[in-house]
Amino acid sequence: MTPADAVDRVRTKKRSTAVVRIELGTAVSVAREISEEVLAPQAAAVDAEQRWPKEGMAALLARLGGLVVPEHSGGMGHGLLAVAQVGEATGRACASTSICFGMHLVGSAVIAAQAGTVQRERYLEPIAAGEHLTTLALSEPGTGGEFWLPQTRMERVEHPGGDRLRLTGSKSFVTNGGHADSYVLSTIAVGPRTPPGQFSCTVVDAGTPGLRWGPEWQGFGMRGNASRGLELPGVEIPAECLLGREGDEIWYMFNVVAPYFLMAMSGTYLGVAAAALEETRAHLMRRRTRAGRALAGNPVVQHRLGTMWARVERTRRLIYQAAAEAELGGPEALPGLASAKAEVADAAEATVNDALSLVGGIGYGTDSPLQRMLRDARAAHVMAPVTDVLRVWAGKALLDEPLLEG
Ligand SMILES: Cc1cc2nc3c(=O)[nH]c(=O)nc-3n(C[C@H](O)[C@H](O)[C@H](O)COP(=O)(O)OP(=O)(O)OC[C@H]3O[C@@H](n4cnc5c(N)ncnc54)[C@H](O)[C@@H]3O)c2cc1C
């Protein structure tokens, strides 16, 4: 059975509980295949035209959309390691597409963590069948990188046809904004029995009346993301769109939201670093200077390339080790996960910068992929959890200090 056959077998089993499990290696092979055939050829145009990567997302959704959906809902049942490894494959080809797909995976994992029967049928099974794109809407203008403190309010409204939830507030940087079928959205639950400061997660369908999208995304990097603002002026959704119970989702932060967020971004930016390294290696093998002598024979560039490789490789090992440990629930999981994303942000930026030195003036042209990689890599530090927060979290975890206080 070829990898494609294996995936097709899963897809044809849609809406079934008896699913053939795709092994992680096969899923990563599929991601590489799509990355080479669909994502890479379009990466420059996605960036230049600032367009959401429709074709790449369709290809990924069709074959890997259910990557982290549990097998009982028709998905592949993978976890954090798969998100990181698939992210590396897609991030090598196009960081924008990789983050768009990564946010779908994070959203799927958040839904799966608390899904009841209705949510399984309405979201997880269509996601597993490659028919539904979801995404995350956590950040808000007022709270920025502190995405665990949403100010969007959720109130329960009695309705003859069944209780509804009224959502009032603003979301910012919603990746896949205006393109997803649903949005996993964090809110403060304001009810008489709910303690303040604890947030709830809901799923909001794209067609919900009253949703107001902000202007098109204008990033200097990650230009295909469609990371837009969203106004919620008291929009109402069915009460069954609440994930779990009101206000009980603080546990999501460290068990689901943060780990999946961190691995989706770590994989993507590892892919950017790996692509810059490969771009450099290929250039050095080709480039001849000084009367036909290969630049690859120069000991200075050999030393610099070796140093770049070590940086990328040690970051890869940290990311994959952290993902594997987190899946096992080991005590080192949080400092590992936090540091993995902080380290990859440094590594991606530094590796692309080094690549720009070694590829020289040829790499400085606007037709070089390195300029896109540098702009894309810079987002790694400011996408939440931001690097400064992650360093503090790692330190707090080592000191047994509470993570979200003080
Ligand atoms: C390309 C892109 C895609 C995105 N996609 C999504 C998405 O899909 N969903 C989503 O919910 N959000 C998304 N975001 C938002 C992102 O996760 C952050 O919330 C946002 O970038 C924070 O920006 P800000 O200007 O509000 O930062 P601020 O919160 O103002 O922070 C700016 C800086 O202040 C410092 N800082 C702030 N708070 C702390 C703290 N507690 N401890 C230490 N230092 C601190 C850090 O140095 C930080 O980098 C995206 C952002 C970008 C750029």
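Using the Cα centre of the chain as origin and beta-carbon charges of +1 (Lys, Arg) and -1 (Asp, Glu), tell me which of Ala129, Ile188, Phe101 is placed farthest towards the positive end of the dipole.
Looking along the dipole axis, the top candidate is Phe101.
Give me the percent relative contact order of the stretch 251-398, please, defined on Cα pairs under 8 angstrom at least 6 residues apart.
Contact order relative to length: 30 percent.
I need the fraction of alpha carbon pairs in the chain separated by more than 39 Å, rounded to a whole percent.
The calculated P(r) of the chain puts 17 percent of pairs beyond 39 Å.
So, in nm, how far is label His72 from label Leu24 when the simple model puts each one 7 Å beyond its Cα toward the Cβ?
Reported label-point gap for His72 and Leu24 is 2.3 nm.
Tell me, what HN-Hα J-couplings in whole Hz come from the Karplus equation 6.51 cos²θ - 1.76 cosθ + 1.60 at θ = phi - 60° for each residue of the stretch 170-177, using x for Gly and Pro?
Taking θ as phi minus 60°, the curve returns 9, 10, 10, 6, 7, 4, 6, x Hz for the stretch 170-177.
List every residue whose amide H lies under 5 Å from the amide H of Leu165, counting only residues 5 or more places away in sequence or on a different chain, with H placed 1.01 Å from N in the peptide plane.
Long-range HN contacts for Leu165: Val157, Ile237, Ala239.
Tell me the Kirkwood hydrodynamic radius of the stretch 251-398 in angstroms, computed as one over the mean inverse distance between distinct C-alpha pairs.
After inverting the mean inverse Cα-Cα distance, the result is 16.2 Å.
Hey, for a label at Glu236 modelled as a point 7 Å past Cα toward Cβ, could you say which residues of the stretch 103-130 have their backbone N under 11 Å away?
Counting only backbone N, you get no residues.
Hey, with R₀ at 41 Å, roughly what FRET efficiency would Glu37 and Val382 work out to, going by the Cβ-Cβ distance, to 0.05?
0.85
Using only alpha carbon pairs under 8 Å that are at least six residues apart, calculate the relative contact order of the chain and give it in whole percent.
Relative contact order here is 16 percent.
Working out 0.36 nm times the residue gap between Gln198 and Phe220, then minus their Cα-Cα distance, what length gain in nm do you get to one decimal?
4.5 nm
Return one quarter of the surface area of the convex hull spanned by the alpha-carbon atoms of the stretch 45-165, equal to its mean projected area, in nm².
One quarter of the hull surface, i.e. the mean projection, equals 9.5 nm².
How many Å² of accessible area per residue for the stretch 309-406, probe 1.4 Å?
Spelled out: the 1.4 Å probe surface of the stretch 309-406, per residue, equals 48 Å².
Of the accessible area of the chain, with the probe set at 1.4 angstrom, what percent is carbon plus sulfur?
52 percent
Obtain the nm distance between the two label points defined at Glu155 and Arg245 by a simple spin-label model: each point lies 7 Å from its Cα along the Cα-to-C-beta direction.
The modelled label-to-label distance comes out at 2.4 nm.
Ordering Val204, Val386 by how much accessible area each has at a 1.4 Å probe, largest first, what is the list?
Val386, Val204
Once amide H atoms are built 1.01 Å from N in the peptide plane, which residues 5 or more positions from Gly229, or in another chain, come under 5 Å H to H?
When sequence neighbours closer than 5 places are left aside, the close amide H contacts are Phe173, Val174, Gly214.
How big is the charge dipole of the chain about its Cα centre, in debye rounded to the nearest 20, if each Lys and Arg gets +1 on its Cβ and each Asp and Glu gets -1 on its Cβ?
In total the dipole reaches around 1160 debye.
With every protein chain present, what accessible area does Leu374 have (1.4 Å probe, heavy atoms only), rounded to the nearest 10 Å²?
60 Å²
Any chance you could count the Lys pairs in the chain whose alpha carbons are under 24 Å apart, treating pairs 8 or more apart or on different chains as valid?
Close lysine pairs found across the chain: 4.
Among the complete DSSP H segments of the chain, which ones combine at least 27 Å of alpha-carbon extent along their axis with a mean Kyte-Doolittle hydropathy of 0.0 or more?
Qualifying helices, which must be both long enough and hydrophobic enough, are 95-114, 258-286, 333-363.
What are the extents of the Cα atoms of the stretch 221-323 along their three principal axes, in Å, largest first?
That gives 73, 30, 15 Å along the principal axes, largest extent first.
Arranged from highest to lowest average of other beta-carbon atoms within 10 Å per residue, in what order do the peptides 225-237, 149-161 appear?
225-237, 149-161
At 7 Å along the Cα-to-beta-carbon direction for both Thr307 and Glu49, put a label point, then send me their distance in nm to one decimal.
4.1 nm
The values are calculated or read from the model by the stated rules, or taken from the named source; none is laboratory data. Everything numeric in this text was worked out from a predicted model, so none of it was measured. So basically every Cβ, Gly included, is an ideal-geometry build from the backbone, and we count neighbours across all protein chains shown. The area values use the complete protein model at the heavy-atom level, side chains included, leaving out ligands, DNA and RNA. Shrake-Rupley method; radii C 1.70, N 1.55, O 1.52, S 1.80 Å.
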